[in-house]
Amino acid sequence: MRSRILIVDGHSALFSWPEMAASHARNAAAARERMVKILTGLQDSSEWTVAVVFDGKGVKASSETEPGGIAVLYSRSGQTADSIIERLAAKYAPGHDVTIATNDRMERTTAEAFGCMSISIDQLRDEIQRSGDALRETLRRLG
């Protein structure tokens, strides 16, 4: 069975998710951190391997991954998260089931051209909810 990879357009998610957008307006770094925690929970409670890509954090491209955590990628100055997402899609689509989560129509079309699936941020939120519900049900049965 091919592994399942979920690549999330971080800022698309932040700005499309009302609670996150409000949080981002108050403290962008805290909102990104909260998004990473939510996506880590999704990875922990599902078959997804998750990466989130944010626009710029500095002069050079960077990534942060903690053991057991999700991949957190930042574009470098002058580069967009979209270009990183496209490179990841091109690299991983041939050998994995890759899904791109974004509300950017052009990005979704490009991802699909690489052979990836794409979902909206609302669909991502539904996936997070379903995964959390399934985990809670499993814990209830075991506990």
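One table, with the values for the structure above:
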quantity	calculated
Of all residues in the range 113-133 being free of Cβ contacts under 8 Å to residues at least 24 places away in the same chain, of a type in the set (S, T, N, Q) and part of a helix (DSSP H, G or I), the one that is farthest from Arg2 (Cα to Cα)	Gln129
Test: residue in the range 95-104 that is hydroxyl-bearing (Ser, Thr, Tyr), surrounded by 15 or more Cβ atoms within 10 Å (Cβ to Cβ) and touching a residue at least 24 places away in the same chain (Cβ under 8 Å)	yes
Any chance Ile85 is of a type in the set (Val, Ile, Thr), out of contact with any helix residue (DSSP H, G or I) (no Cβ under 6 Å at 6 or more places or on another chain) and under 13 Å from Ile7 (Cβ atoms)	yes
Of all residues making up the range 50-83, the number that are at pLDDT below 80 and either closer than 20 Å to Met106 by Cβ or within 14 Å of the chain's Cα centre (by Cα) (or both)	4
Members of the range 1-56 that are assigned to a loop (DSSP other than H, G, I, E, B) and touching a residue at least 40 places away in the same chain (Cβ under 8 Å)	Arg2, Ser3, Trp17, Ser45, Ser46, Glu47
Qualifying residue in the range 113-123 (condition: in contact with a Gly (Cβ under 9 Å, 6 or more places away or on another chain), surrounded by fewer than 18 Cβ atoms within 10 Å (Cβ to Cβ) and within 20 Å of Gln43 (Cα to Cα))	no
Any hit, the range 3-23, residues being closer than 19 Å to Ile119 by Cβ, among the charged types (D, E, K, R) and modelled with pLDDT of 95 or more	yes
Of all residues making up the range 75-112, the number that are in a helix (DSSP H, G or I) and of a type outside the set (Val, Ile, Thr)	16
Test: Gln129 is polar (S, T, N, Q) and surrounded by fewer than 12 Cβ atoms within 10 Å (Cβ to Cβ)	yes
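The values are calculated or read from the model by the stated rules, or taken from the named source; none is laboratory data. If you're wondering where the values come from, they're calculated on a predicted model, not measured in any experiment. Heads up, the Cβs are rebuilt from the backbone with ideal geometry, glycines too, and the neighbour counts pull from every protein chain shown.
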